[in-house]
1. Give me the accessible area of B:H218, 1.4 Å probe, in Å² rounded to the nearest 10.
2. Suppose all protein chains stay in the model; what accessible area per residue would a 1.4 Å probe give for segment B:2-46, in Å²?
3. Any of A:K105/A:K207; A:K394/B:K202; A:K30/A:K292; A:K30/A:K217 with alpha carbons more than 31 Å apart? Name them for me.
4. Using all C-alpha to C-alpha distances in segment A:292-496, build P(r) with 5 Å bins and read off the rounded percent in each one.
5. Sticking to Cα atoms, compute the Rg of segment A:122-212 to one decimal and its Dmax as the biggest Cα-Cα distance, whole number, in Å.
6. What percentage of the solvent-accessible surface of segment B:145-194, computed with a 1.4 Å probe over protein heavy atoms, is contributed by carbon and sulfur atoms?
7. Run the accessible area of segment A:292-496 with a 1.4 Å probe and give the carbon-and-sulfur part as a rounded percent.
8. At what distance in nm do the modelled label points of A:L324 and A:A143 sit from each other, each positioned 7 Å from its Cα along Cα→Cβ?
Amino acid sequence: MRALIILLMTALLLGGGANGGSRTVVVGSKHFNEGYILAEIIAQLLEDRGVRVARKFGLGGTLICFEALKNGEIDVYPEYSGTLAEAILKLPRRVSYAELQHALKRRFGMDLLESFGFNNTYAIALRRKLAEQRGLKTISDLAKFPDLRIGLSYEFLNRNDGWPGLARTYGLAVRPVGIEHGLAYQAIRENTLDVTDVYTTDGDIRKFDLFLLEDDKDYFSQYLAAPLVRGGVDERITAIVGELAGTITDDQVRRLNAMVILEGKSFAEVANHFLGEAGLLTAERPRVEESKWVSLLYRTVRHLELTFIALLAGIIVAIPAGILVYRVRAISRPVMYMAGLLQTIPSIALLAFMIPIFGIGVKPAIVALFLYSLLPILRNTAASLVSIDPVLKKVSVGMGLTPGQSLRYIELPLAAPTILAGIRTAAVINIGTATLAAFIGAGGLGEPIVTGLALNNTSLILEGAIPAAILAILTEWAFEGLEKVLIPRHLLQRVAE
Amino acid sequence: MAQIALQNVSKLYGDATALQNVDLTFTNLVTTAVVGPSGSGKSTMLQLINGLVRPDQGQVFAFGKPIDYQHLPELRLQIGYAVQGIGLFPHLTVEANITLLARLARWDAERIKARTEELMTLVNLPLSYALRYPHELSGGEQQRVGLCRAMTLNPEIFLLDEPFGALDPITRNEIQREFLHLQGSEARTIILVTHDLREALKLAQRLVVLDRGCVVQHGTGAEILENPANGFIRSFFQSQLDP
C-alpha cells in the first residue's frame with residue numbers, strides 16, 4: 001500500500017513538474033492545423049516580449065481545451081466565437097460578439113479577446129470535378145443527390161450547429177458516416193468519400209482542389225477566431241496577446257495554412273514569418289528547433305514513462321486484487337465486471353473523463369493507462385490461481401502450510417506464467433493506448449501522430465507510429481526474456497498447451 | 001493414551017451422509033488400514049484427522065487432544081500426509097519438494113542437506129535426482145519423493161490416502177516392500193486409506209471396514225477374516241480376495 005502511495009505521489013510530481021515555474025504562460029491548441037499556427041503565433045509573440053512559454057498543443061478537442069483552460073492547466077488558446085456559443089455556452093440563438101464576451105466573463109471569468117480578424121466557418125466541400133459533373137453549386141443542390149457518400153468529422157456530426165441543424169434546414173436525408181477530419185481529405189482523394197465538412201480557411205481546400213458549396217440558406221454562424229484567456233492571468237500577458245487583434249485576414253490565414261499543408265513548413269517557421277511580416281516582433285531571436293532525433297528520444301522516454309509507471313501501478317493493484325478475488329469468491333463477480341467495464345470505455349473517452357479530475361498532461365494519462373492495465377493482470381491472476389490443480393492445493397494445506405505460505409511458495413509460483421502473460425498483454429496495450437495520450441497534452445510518441453492526423457501528413461504519423469510499434473515488439477521480447485529467467489521451462493510449456 | 005480417536009463423529013456433504021456417528025479409537029504405533037467400497041467415507045475419515053474436513057457433529061482427537069481448529073497448520077506439521085496423485089509441486093525440484101517444510105521451519109542448510117540425503121537413501125532414490133523436476137521422474141519415483149516429503153519433519157502420525165493407487169503392479173510391490181521396511185525401522189501411527197484389501201492385509205496390522213458412512217467392523221485382519229460381522233463384509237472380502 002505504501003509503495004502505491006509513493007508511486008502516485010511520484011506521478012503527481014511528474015505531472016506537476018511539467019508546468020514549471022509560476023510565471024510560465026501555458027499556451028494550448030486544438031489538434032488541427034490552424035489551431036497549431038495561431039497558438040504558435042501567440043507563443044512566439046509572448047516569447048518575443050520575454051515571457052516564458054510552455055506549449056500544450058494538439059489537445060483532443062474543444063471540450064478538452066476548454067476544460068483545461070477552466071482548470072488552469074493552460075492559460076490561453078485560440079478558439080472560435082461560433083464554437084463557444086454553440087458547444088460551450090449552448091446558446092439557443094445567435095448572439096453578438098460583445099454578448100459572447102460578456103457571457104464568458106460572467107460564467108467562467110474568461111476573457112475572449114478581440115478576434116484575429118478572420119472568420120473560419122464551416123463549409124460543405126466536394127471534389128471540384130464531381131461538383132461540375134453533377135452541376136452542384138449550393139448546399140440545397142445536395143438534397144438532389146442522395147447517392148453521394150458523406151463523411152463528417154465527429155465534432156461536426158454531433159454539434160447543434162453542425163450536421164443535425166444543417167440536415168433539418170436543407171432537408172438532407174443522407175446518412176453521413178463519422179471520420180477523423182484529417183483522414184477525410186485522403187478519403188476524398190482516393191474516391192472512397194464524396195462530401196465532407198471543411199473549415200473555410202483550410203489550406204487543404206487548395207491542396208485537394210475542393211469546391212465549397214454555397215450556404216444559400218445562411219445556416220452556418222460566424223466563427224471568428226480569437227484568443228481565449230483564462231481569468232486571473234497577468235494583465236500584461238493579456239495586453240501582449242491582444243496586440244494580435246485584427247491582424248489576420250481570411251486570405252492571410254488560408255495562406256498561412258497552405259504554407260504548412262502545401263509547402264511543408266513547420267508551425268514555428270510559419271508563425272515566425274507572419275509575426276515578422278506584421279511587424280510585431282521587437283527583437284530578432286532566431287528560433288532554435290530541436291533536431292528530430294532529440295525529440296524522438298524525448299518522446300520515447302516520455303512514452304516509456306507513461307506506459308511503465310501505469311503498468312507498475314497496475315501490477316501493484318491488480319495482483320493483490322486478483323488474489324482477493326480468488327480467496328473471497330463473493331467479490332469475484334463485481335470486481336471482474338468493474339474491471340471489464342473499464343476496458344470497454346473507449347480510450348479517448350477515458351482520457352477525456354480524466355480531465356475534470358486530473359487536468360491535462362501526464363497525470364490523467366497515467367491514471368487512464370493504469371485503469372486499462374488492470375483487467376488483463378487481474379483476470380489472469382484470478383484465473384490462474386483458480387485453475388491450479390486441486391490436488392496440489394489440498395497437499396499444500398494438508399502438509400501444514402499456512403494460507404500465506406501456500407500462496408507465496410505454491411500458488412503464486414504456479415500461477416506466475418499466466419500472471420506474467422497478463423502483465424505482458426497490459427504492457428503492449430499500454431504502449432498502443434499511450435499514443436492517444438498526446439490528445440490530452442501528455443506528450444510521448446502520440447505527439448507526431450496527433451499532429452500528423454491534423455495535417456494529414458503520413459510521414460509525420462509514421463514518425464510516431466513506427467517507434468511505437470518497435471517499442472511494442474521490444475517489450476514483447478523483454479517479457480519473453482523475463483519468462484525464461486523467472487519460470488522453469490516445463491511450466492511454460494504447460495501454459496502453451 | 002490413544003493418539004487418534006473419533007468420538008460420535010458425523011459429517012454431511014449437503015444431504016449426503018459421509019460419516020454417521022462414528023466412534024473409533026486408533027491403536028498407537030501400528031498401521032491401520034481403512035477399507036470399504038468407494039463412497040463409504042474413507043477419505044473423509046482421513047481428512048477429519050488433519051482438519052481438512054471439519055465434523056458436523058462429534059469430536060476428533062489428535063495427539064490425545066481435541067483438534068484446535070484455530071491452529072491447524074501447527075497440527076498438520078506433525079502429521080505426514082501423502083495422497084493419490086502424489087501432488088508433488090511441479091515448479092519445485094525433488095530436493096525443494098522434500099525440504100519445503102524444513103526450509104519454512106528455518107532449519108540450517110547442513111541439517112536440510114543431511115535430512116534430504118538420509119530420506120532419499122531410505123527410499124532408494126539416487127541422490128543425483130535431487131535437482132530434477134517431478135515431471136522428469138517415473139510414477140514410482142515420484143511416489144517415493146512424496147513419501148520423503150511426508151517424512152521430512154519426522155512426524156509421529158502418517159495419513160496416507162491411496163498413496164499407491166496409481167502405480168503399476170510391479171512398482172507398487174516394490175514400494176509396498178519399502179513401506180514395510182520403513183515401518184519396521186521406526187514404528188509410527190499410520191492410517192492408510194485403500195480400496196485394495198490385499199494391500200490392506202499386507203501393510204496393516206489392523207483394519208477398519210466402512211460401509212455407507214458407518215464403521216461395520218474393526219480389528220486385526222485375521223479377526224475380521226475369521227469372524228466377519230455381517231454379510232456385507234463377507235461378500236466384500238470375497239469379491240476382493242477371490243481371483
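1. 90 Å²
2. Details: 1770 Å² over 45 residues.
For segment B:2-46, the per-residue accessible area is 39 Å².
3. Details: A:K105/A:K207 39 Å; A:K394/B:K202 28 Å; A:K30/A:K292 22 Å; A:K30/A:K217 29 Å.
The pairs that break the limit, which is 31 Å between Cα atoms, are A:K105/A:K207.
4. 1, 7, 14, 16, 17, 14, 11, 8, 6, 3, 2, 1, 0, 0
5. 11.9, 31
6. On the way: 880 of 1750 Å².
Here it works out to 50 percent.
7. On the way: 6340 of 8870 Å².
On segment A:292-496, the fraction of accessible area on carbon and sulfur atoms equals 71 percent.
8. 6.0 nm
The values are calculated or read from the model by the stated rules, or taken from the named source; none is laboratory data. Bear in mind the structure is a predicted one, so any value in this text is a computation, not a measurement. Note that each Cβ is placed from the backbone with ideal geometry, even for glycine, and that neighbours are counted across all protein chains shown. SASA here: full protein model, heavy atoms, side chains in, ligands and nucleic acids out. Shrake-Rupley method; radii C 1.70, N 1.55, O 1.52, S 1.80 Å.
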